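Notes for the one structure printed next.
Any read-out appearing in this document is the output of simple, stated calculations on the displayed coordinates, not a laboratory observation. Not measured: the values here are computed from a predicted model. Note: ideal-geometry Cβ built from the backbone for every residue, glycine included; neighbour counts use all protein chains shown.
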Amino acid sequence: MTTELMILGWTLVLAVVQIMLTSAFRNRETGMEYNMGPRDGGAPPPRPVTARLQRAQANLFETLPLFAAAVLIAHVGGREGALTLWGAWAYLVARVVYVPLYAAGIPVLRSIVWTVSMVGLGMMLVAILLP
C-alpha cells in the first residue's frame with residue numbers, strides 16, 4: 001500500500017472521529033432519550049462549540065470526496081510522487097489541526113490552515129493533470 005493510500009485511510013479515521021465528536025457534543029445538549037427517539041419534536045439549537053464542530057465536519061465532507069478521488073486517480077494512474085505525497089500529508093495534517101482551531105473559534109489561523117489543506121489538494125491535482 002502506498003503512503004498516499006494510507007493517508008487516505010487516516011483521513012477516513014478523521015472523518016469518523018469528527019462524526020463521533022460532533023455527535024457526543026450534540027448528545028450532551030439534547031439527551032439520550034431525544035437522540036434515541038423519533039426526533040419528532042424540535043431540538044434546541046446547538047451551542048456554539050457544537051455548531052462549530054458541525055461546520056468543521058461539513059467542511060471536511062465538502063473536500064473529502066475530492067481528496068479521495070485525487071488519491072485514487074494518482075494511484076491507479078501511476079502518478080504518485082513527491083507532489084502527491086506532500087500534498088496528501090499537507091491535506092491530512094491541516095485537516096487534523098483545523099478541527100480544534102474551529103472548535104475554539106480561532107478565525108484567521110483556522111482559515112490559513114484550511115488554505116494549507118486546499119494547497120495540498122491542489123498539489124495532488126497538479127501531479128495528476130500535468131505531465
So what are the stretch 77-116's ellipsoid semi-axes, whole angstrom, largest first, if each one is the square root of 5 times an eigenvalue of the alpha-carbon gyration tensor? 26, 8, 6
Evaluate the distance, in nm, between pseudo-label points positioned 7 Å from the Cα of V108 and of R55 along their respective Cα→Cβ axes. 1.8 nm
So what are the three principal axis dimensions of the stretch 34-80 from its Cα atoms, in whole Å, longest to shortest? 51, 24, 11
Distance between modelled label sites at E62 and R39, nm, 7 Å Cα→Cβ extension: 2.2 nm
At 4 °C and a viscosity of 1.567 mPa s, what translational diffusion coefficient does Stokes-Einstein give for the chain, taking Rh as the Kirkwood radius over Cα pairs? Give it in µm²/s as a whole number. 82 µm²/s
Would you compute, from DSSP H runs of 4+ residues alone, the mean residue ellipticity of the chain at 222 nm, taking -39500 (n - 2.57) per run and dividing by the full residue count, rounded to the nearest 500? -28500 deg cm²/dmol
